[in-house]
1. (1) open to solvent by 10 Å² or more (accessible area, probe 1.4 Å); (2) touching a residue at least 24 places away in the same chain (Cβ under 8 Å); (3) not aromatic (F, W, Y): which one isn't true of P217, the others all being true?
2. Can you give me the number of residues within the stretch 605-619 that are more than 13 Å from L531 (Cα to Cα) and touching a helix residue (DSSP H, G or I) at 6+ places or on another chain (Cβ under 9 Å)?
3. Exactly one of (1) closer than 30 Å to A560 by Cα; (2) buried (at least 17 other Cβ atoms within 10 Å of the Cβ) is unmet by K366. Its number?
4. Just the residues that are open to solvent by 30 Å² or more (accessible area, probe 1.4 Å), among the acidic types (D, E) and within 16 Å of the ligand (Cβ to nearest atom), please, taken from the stretch 371-401.
5. Considering the stretch 120-152 alone, what residues qualify as being in contact with a Ser or Thr (Cβ under 7 Å, 6 or more places away or on another chain) and in contact (Cβ under 8 Å) with a residue 40 or more places away in the chain?
6. Scan the stretch 434-452 for residues that are in a loop (DSSP other than H, G, I, E, B) and at pLDDT below 95 and jot them down.
7. How do the pairs read when you match residues in the stretch 278-306 that are over 22 Å from F316 (Cβ atoms) and among the small types (G, A, S) with residues anywhere that are within 16 Å of the ligand (Cβ to nearest atom) and modelled with pLDDT of 95 or more, using Cβ under 7 Å and keeping only pairs 6 or more apart or on different chains?
8. I'm told E425 meets every condition in (1) of a type outside the set (A, V, I, L, M, F, W, C); (2) within 16 Å of the ligand (Cβ to nearest atom); (3) open to solvent by 10 Å² or more (accessible area, probe 1.4 Å) except one. Can you identify the failing condition by its number?
Amino acid sequence: MKVLSVFLIYIFFLSFSFTTCFSQEVLKDKLTLMPWPKEIKANGTKIIIDSNFTISINKQGNRVHNASVKFLRKLANKTGVFIDTGFPLYNNKKATLILKFQKEVDLSLETDESYELIVKKDKIEIIALTDIGIIRGLSTLLQLVNSNSNEFFFEGFIIKDCPRFKWRGLMIDVSRHFQPIEVIKRNLEAMAFMKMNVFHWHLSDDQGFRLESKKYPKLHELASDDQYYTHEQIKDIVNYADKLGIRVIPEIDVPGHATAILTAYPEFGSKESYEYKIERFSGVFDPTLNPINPKVYTFLENLFAEVSSLFPDVYFHIGGDENEGKHWDDNIEIQLFKKKNGLKSNHDLQTYFNIKLEKILKKYGKKMVGWDEIMTANMPKSAIIHSWRGKNEGFENGTLAEAVEKGYKTILSNGYYIDRMQPVEEYYLIDPTAEVRFTSEKEKLILGGEATMWGELVTPLTIDSRIWPRTAAIAERFWSPKDIRDVNNLHKRLRKISLQLEDFGITHLKNKDVILRNMTKGQEINSLNVLTEIYEPLKIYSRNKGGTEYKTFSPFTLFADACTTDAKDARIFNKSVNEFLKKSSKKSKQRLLSLLEKWHYNYLAFSELKTNPLLKNIKPFYSNLNSISLVLIEFLKEENTLKKDYNAILNSLTKLKEPMEDTELMIVSSISDLVKHFYLNK
Ligand code: ACM
């Protein structure tokens, strides 16, 4: 009886501490998990990471073996612990980390990725139905590494987790700018860390065809600038991704976006005597495959058969976007064909083309995915509609809603165009199910979504900084429960996750210094770096209006390339101005002073640099920022001796609003508020 009552009291306190000390909100503040798991409870224990750390698995498994080895490498590097033997052990109950799964699976839309992770005081268990579940659990465990001054440890948690959506993708366009194998591999690693499971590889477009073709070798010989993936490299990537639990979907974009294909094989084009040349600009262009030429279908059948043999996944993306059909209009035979076959518009003709492609793909065991233009009457329901145009083009509820309404499976990219360089929260708050209310049966047709990294303005040097860390936030939207949407908490976790992405080889942070060193030609970079924390690249394609400023071989080592979205000091400054104007707190005043002084002193350092054409246009902006900073410092210190004329300040402010080297200053309106406060309230 006595034992029982002591036990009950123990249980009472345990559950008390569960709900009070470790509520979800507290945990979200305390832990850096991303994507946030479905269920998590602390159990008040911890397990120390020491040299005896070992992993046991219940059976052989290629992916689990691979993931365990990578896990140990990361754990040792993270903690500095000299792990002794580590791995592999089989069915060893004394191991520190026990991995138990029932089966290895072929990756598909239906792959079970759920797992349970239990960290106790003497061991850790990850239990899953499939080997993919184990991989997802290991990503979570790596994020639970914690430390105090003496040791590294895992805190005790019980996590039950599974994804909200089946399709959690990242598209990388390698046509506009080629991305070598190592870029793809490091991004696959980061995707797996964020539990993403689809790599959509945009392999062909107007600017290049990036795949070796043994059947049609002119494709890679004449239309890739010798920058393409061999069959061996493709197989290597597919295999690499598979080990990480990531499916690879190839995209061969047709019938539009086909300049590269037609550069190699002009005979498949729609316009006679047209000189097809790999496109160097960005935008939408006229070269289009000829849908009434039977040889085009033979070509596509052979090409798709070859591509299909390299990519085991059942889905195959045929693009299908942005075909304006101008070259179809210019071709009399095509016009006659349309008339004869009752095809009223070019879109009807494209449907005719798509339906033929769907049949070809079927022959090779593939199902079609296409951008939302492929959604027309007669398109079989086995096709996946990839929504990118949202509510544009007359789709009142958006193309995703339309696809669901019509009974198609669908994935969302509208809102996840990371190349638009918008702030992270704008992506994070978009939900694939938000467009309209569906029945739960219909909602199942929404498979998930994809972040899209279009390649017009990126090279291997900068692509990571355009993908990460914002894609981690999108990954959370696709994996975590719908109600995980606290933006402040996201920012807090994302700052730390961003650093952890470096452990996977992601270069988004370190390559900034490379760009800045190129700009200063080896002089100090700190004074320039300071500006990258308050300037951001121009957004929503205004950096490259009309696709005409930047071409394939334009430089991507400019100030705008060193800058990214969500500039850190700008966020702090804007928040502090807000707080200062509301309640004039000492803390916010101090923060403002330290930033304004930072800009002032770094301007002085910048002025001493030997200038060059990459730096010279920055100077007048920096000088303006410096003069305004000095005035504000004096006001904040209440020793306004400069007595700068209000109109002169307004003049400086107006100039600061103008774009500088394709970037914008993210603190102009806060500065303006401060200026008004000091001049007009006094
Ligand atoms: C697209 O952005 N043209 C799919």
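1. (2)
2. Adding up the residues that qualify gives 8.
3. (1)
4. E393
5. K120, K121, K123, I124, I132, Q143, V145, F152
6. The answer is A434, E435, V436, R437, F438, T439.
7. S282/R176; S282/E456
8. (2)
The values are calculated or read from the model by the stated rules, or taken from the named source; none is laboratory data. The shown structure was predicted, so the numbers you read here are calculated from the model rather than taken from an experiment. Because the Cβ atoms are built from the backbone with ideal geometry, glycine has one as well, and the counts that use them run over all protein chains shown. Note: areas computed on protein heavy atoms with side chains; ligands, DNA, RNA excluded. Shrake-Rupley method; radii C 1.70, N 1.55, O 1.52, S 1.80 Å.
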